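K.L.:
Below: one structure in structure tokens.
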Amino acid sequence: MSIMSRETLSLNDEMRQYFLDTALREPAILGELRDFTAQHRVAKMQFAPEQGALLIFLLRLIRAKKYLEVGTFTGYSSIAAALAMGPEGRVIACDLVEEFTKIAQEWWKKAGVEQQITLKLQAAVFSLETLVAEGHSGTFDCMLIDADKPFYPTYYDFALELVRPGGLIILDNMFLGGRVAHPKPHHPASVQILHDFNRQLRDDPRVEHAMLPAGDGMTLLFKR
């Protein structure tokens, strides 16, 4: 008798490895970067490979040519986006930590996409304000938010301004390791913020909404 479930299957180590071996068409350069980043002191910030595969799939699906991200770390998502969009695609990468972005810049060169990517090395709010002031509202095909969690609602407001109708807004780490289900007084403020923000996104009529148990929770929004 076959065993089926209406719930997402929890992956043990064996099934996780099978999934990675079977489900991914990860470009070699991204696999190399993932292995390199696994040795970093904050490797847990790395974009999961299945998330990268989904990002590439979605960008190609909507024929994206202009992509914006808040939170770049060592460059996995920005390289994935540049490769997905091809030579004509343009990436704007916003991050605050020079230690991380120096690594990202090295890997952009290794991937041959450095000419496609513009780095904004400052507090993301300033970069987003500048993009609005420069007339980029409604011109981005996709925006990924994967940075400091207390500012997610602010970044989301900018995303609604900068992403075109029919474009995508993607948010990572929406589970915060499972803590968002039941915020506790000793948790960081970001836990309660995302707990409330998840409900806000679900009920926002300006977007179509889907939350996936990929990585540490990934929310996909289609801007109406």
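K.L.:
When you scan segment 19-26, do you find a residue that is in contact (Cβ under 8 Å) with a residue 60 or more places away in the chain and touching a helix residue (DSSP H, G or I) at 6+ places or on another chain (Cβ under 6 Å), even just one?
P.N.:
Scanning segment 19-26 turns up no residue that is in contact (Cβ under 8 Å) with a residue 60 or more places away in the chain and touching a helix residue (DSSP H, G or I) at 6+ places or on another chain (Cβ under 6 Å).
K.L.:
What pairs come up if the first residue lies in segment 41-69 and is touching a residue at least 12 places away in the same chain (Cβ under 8 Å) and charged (D, E, K, R), the second is assigned to a helix (DSSP H, G or I) and buried (at least 16 other Cβ atoms within 10 Å of the Cβ), and their beta carbons are under 7 Å apart, counting only those six or more places apart or on different chains?
P.N.:
From segment 41-69, the pairs are Arg60/Ala84; Lys65/Met85; Glu69/Ser77; Glu69/Ser78.
K.L.:
Still on this structure, I have one more. Of all residues in segment 84-130 being surrounded by 21 or more Cβ atoms within 10 Å (Cβ to Cβ) and β-branched (Val, Ile, Thr), which is farthest from Phe158 (Cα to Cα)?
P.N.:
Val113
K.L.:
Kindly establish whether Thr101 is among the hydroxyl-bearing types (Ser, Thr, Tyr), in a strand (DSSP E or B) and touching a residue at least 12 places away in the same chain (Cβ under 8 Å).
P.N.:
no
K.L.:
Tell me whether segment 65-73 contains one or more residues that are open to solvent by 40 Å² or more (accessible area, probe 1.4 Å), at pLDDT 95 or above and in a loop (DSSP other than H, G, I, E, B).
P.N.:
Checked against the condition, which is being open to solvent by 40 Å² or more (accessible area, probe 1.4 Å), at pLDDT 95 or above and in a loop (DSSP other than H, G, I, E, B), segment 65-73 yields at least one hit.
K.L.:
To continue, here is another question. Looking at segment 35-62, which of its residues are within 21 Å of Asp148 (Cα to Cα) and touching a Ser or Thr at 6+ places or on another chain (Cβ under 9 Å)?
P.N.:
If the condition is that a residue be within 21 Å of Asp148 (Cα to Cα) and touching a Ser or Thr at 6+ places or on another chain (Cβ under 9 Å), then Thr37, His40, Ala43, Met45, Gln46, Phe47, Gln51, Gly52, Leu55 are the ones that fit.
K.L.:
Out of everything in segment 32-58 that is buried (at least 24 other Cβ atoms within 10 Å of the Cβ) and not small (Gly, Ala, Ser), what residue ends up being farthest from the chain's Cα centre (by Cα)?
P.N.:
Going through the qualifying residues, I end up with Leu33.
K.L.:
Here are some conditions: (1) open to solvent by 50 Å² or more (accessible area, probe 1.4 Å); (2) in a helix (DSSP H, G or I). Pro165 meets all but one. Which one does it not meet?
P.N.:
Exception for Pro165: condition (2).
K.L.:
Also: May I ask you to list the residues in segment 74-83 that are among the hydrophobic types (A, V, I, L, M, F, W, C) and open to solvent by less than 10 Å² (accessible area, probe 1.4 Å)?
P.N.:
If the condition is that a residue be among the hydrophobic types (A, V, I, L, M, F, W, C) and open to solvent by less than 10 Å² (accessible area, probe 1.4 Å), then Ile79, Ala80, Ala81, Ala82 are the ones that fit.
K.L.:
Next question, about the same structure. Within the bounds of segment 131-151, is there any residue that is aliphatic (A, V, I, L, M) and open to solvent by 40 Å² or more (accessible area, probe 1.4 Å)?
P.N.:
Within segment 131-151, one or more residues are aliphatic (A, V, I, L, M) and open to solvent by 40 Å² or more (accessible area, probe 1.4 Å).
The values are calculated or read from the model by the stated rules, or taken from the named source; none is laboratory data. Not measured: the values here are computed from a predicted model. Note that each Cβ is placed from the backbone with ideal geometry, even for glycine, and that neighbours are counted across all protein chains shown. Accessible surface areas use protein heavy atoms only, side chains included; no ligands, DNA or RNA. Shrake-Rupley method; radii C 1.70, N 1.55, O 1.52, S 1.80 Å.
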